[in-house]
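A.B. asks: Quick one: this structure, given as structure tokens, is what I'll be asking you about.
The values are calculated or read from the model by the stated rules, or taken from the named source; none is laboratory data. Remember, predicted model here, so these are calculated numbers, not experimental data. A quick note on method: Cβ atoms are made from the backbone with ideal geometry, for glycine too, and the neighbour counts reach across all protein chains shown. Ligands, DNA and RNA are stripped out before the accessible areas are found, and what is left, the full protein with its side chains, is counted by its heavy atoms. Shrake-Rupley method; radii C 1.70, N 1.55, O 1.52, S 1.80 Å.
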Amino acid sequence: SGAMVIAFARRTRVAQPFTTDRALLRSAVESIEPSDQSGSLDQALQLIEPYAVGPNGDRNSKQLLVFILSDGRFSDDRTLALSGAELRFVRIGTPPTDPRPDNLAFTSFAARRDFDQPQRVEVVGRLANFGDQAVRSNVSLKVDGRTQRITTVEVAPYNASDNVPGQTLLSYQLELEGGALVQIAHNHTDALPADDSAALVVTPPRRWRILLVSPGNVFLDRALRGAEGVGQVVTLSPPQFELRDPRSFARGGGEGGFDLIVFDRHSPASLPPVGALYFGAAPPIDSLRLLPPREAEPPVQEFWSWRRDHPLLRHVVLDGVVFEKAGRLALPDGAEILATGAAGPVMAALSLDGRTHVVAALDLIRSNWPLELTFPVFIDNAVRHLDPGEGGQTGLAFEPGQTAVIPIQDARTDLFYTGPASLHAVVESGRATIGPFTRAGVYVASPPVRQPWDRVAVNLLDARESDLRTAEALEVRVDPGRSASVVSELRRDIWPWFVWGALAVLMLEWVVYTRRMHL
């Protein structure tokens, strides 16, 4: 017997392993600090399940009792599941039956340079009202700390019939020859300050150079050329690539080098000097292999699951994507599984020496994915994610819970960022990893680094977090020992009402009994 304490937000950690020491448990609970991160319950349930189910899949003799203390609003898109445990949802926050808390929030903020006139930058934001009353507020726009524009807006209240907040779009045109910090904020006092402002580090105009190593793939070539920030796509055949010195492909190498290499059905003989994307191929990394399909596997497969919360797969829907004879990936420790099929992992990401390699087992030529609308979205995400620099983005910003990889050109060993929290990173191989960020806001580097990494913006921009009412119930699929799973709604404990009801029945019986004795 005993208890353990698990803290979860975007990531999950064990605050206190199983113990019967109440002082340790109390100390673990008190050590948990609030953050601006979104919540993911799925990781916490996966961590708990081994304690509920034995090593052979059998239930433990004593059922595990799990209390979930939360507002019940999570970023998980797939169905939550936990076997072999009794779950109780302890609601923290405003009940869904109460009036909506007053909260005016920025739910999006982005910037884009004009392709033909790069000095022209369009900044667009969305302001949402999650309260029951219309809100009138001033919105200010600042560039490098100087106020450029103040506008008065009125945002309609939350629309309960359509279950959507009242919203107002904000759009600004700026002239920015170089980089700048652009901030937007409203002056309405509400229940959650973390979403009252947002910021972007606007990068100087820049065009990506991408190398495509392929025997020929017009779909992939077009998707790469259409990605935001891409200026040039150079194509080499696999034999041409292998004849070149790998060092010439690095930034600053022969003819300027490349920012990203995409391998289509060709596994390179040596690890490329920049981040890379592989389709039907794999990099030469120990324990990473592209395994052929088994005979028993169906020849045509589809994606079973994918990481919708990962930056590479944001706004990417893989329903309906089919692929032929893709095989599966054997992955080393530290690899991040991004998508799985019937045979196992189909897509994964691995960081090595400050460079990220994204491997997809499927062959695009044997898939309908290039014909889907989400394929260019994935390519655009990959272009941004695989760059250890600014990724060709006009506006750089991160979410609470994310980390930032900062390219450092000098020989320093330490880097600090100060803002809503103080962060420290050790520089290795010319890269510094900062985070995960716990608080939204602007962080400033010390000592200074080159632009645009001298400042880092972290924004909440999450409608689920800005809606401050708690969930009415949690739906978690459980396995009570039958072949069919059931949906369990976890609500606030109602056992005190049963106790009072039982006491009332006992009192009534006692009154009836005493009256009979007197008669």
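A.B. asks: Relative to 2.2 N^0.38 Å, what does the C-alpha radius of gyration of the range 209-347 come to as a ratio? Two decimals please.
C.D. replies: For the range 209-347, the normalised Cα radius of gyration comes out at 1.11.
A.B. asks: Applying the Karplus parametrisation 6.51 cos²θ - 1.76 cosθ + 1.60 with θ = phi - 60° to the phi angles of the range 197-214, what ³J(HN,Hα) value in whole Hz is obtained for each residue in order, glycine and proline being reported as x?
C.D. replies: Each residue's phi maps through the Karplus curve to give 8, 8, 9, 9, 9, 7, 8, x, x, 7, 10, 6, 10, 10, 9, 10, 9, 7 Hz.
A.B. asks: Out of the total accessible area of the chain (probe 1.4 Å, heavy atoms of protein only), what percent is carbon and sulfur?
C.D. replies: About 52 percent, which is the carbon plus sulfur part of the accessible surface.
A.B. asks: For T147, what accessible surface area do you get with a 1.4 Å probe? Give it in Å², rounded to 10.
C.D. replies: 80 Å²
A.B. asks: What accessible area per residue, rounded to a whole number of Å², is obtained for the range 321-368 using a probe radius of 1.4 Å?
C.D. replies: In whole numbers, the range 321-368 has 35 Å² accessible per residue.
A.B. asks: Per residue, how much accessible area does the range 105-245 have with a 1.4 Å probe, in Å²?
C.D. replies: Value returned for the range 105-245: 49 Å² of accessible area per residue.
A.B. asks: Sequence-distant or interchain residues sharing an amide H contact under 5 Å with L64, placed H: which?
C.D. replies: When sequence neighbours closer than 5 places are left aside, the close amide H contacts are E86.
A.B. asks: Can you match Rg and Dmax of the Cα atoms in Å to one of these, (i) 26.9, 110; (ii) 32.2, 114; (iii) 23.4, 71, based on a calculation from the structure here?
C.D. replies: (i)
A.B. asks: Right, here's the next one. Near the amide H of A432, under 5 Å away, which other amide H atoms are found, from residues 5 or more places off or on another chain, if H is placed in the peptide plane?
C.D. replies: I406, I408
A.B. asks: At 1.4 Å probe size, what's the solvent-accessible area of E30? Round to the nearest 10 Å².
C.D. replies: 140 Å²
A.B. asks: Next question. Considering amide H positions built from the backbone, and no H for Pro or chain starts, which residues 5 or more places from L80, or on another chain, come under 5 Å of its amide H?
C.D. replies: Amide H neighbours of L80: R477.
A.B. asks: Next question. What is the Å³ per residue value for the convex hull set by the Cα atoms of the range 138-246?
C.D. replies: Once divided by residue count, the hull of the range 138-246 is 198 Å³.
A.B. asks: Next question. Assuming 0.36 nm per residue, please report the length gained on full extension of the stretch A3 to W304 beyond their Cα-Cα distance.
C.D. replies: The span from A3 to W304 would gain 104.9 nm if fully extended.
A.B. asks: Still on this model: In sequence order, what are the phi-derived ³J(HN,Hα) couplings for the range 117-128 according to the Karplus relation 6.51 cos²θ - 1.76 cosθ + 1.60 with θ = phi - 60°, rounded to whole Hz, with x for glycine and proline?
C.D. replies: Once θ is set to phi - 60°, the couplings for the range 117-128 become 10, x, 6, 8, 10, 9, 10, 10, x, 10, 10, 10 Hz.
A.B. asks: Go through the range 290-366 and name the GluC sites (Glu not before Pro) that are in a DSSP coil and have 11 or fewer other Cβ atoms within 10 Å of their Cβ.
C.D. replies: Here the GluC sites (Glu not before Pro) that fit, given the DSSP loop and packing criteria, are E295.
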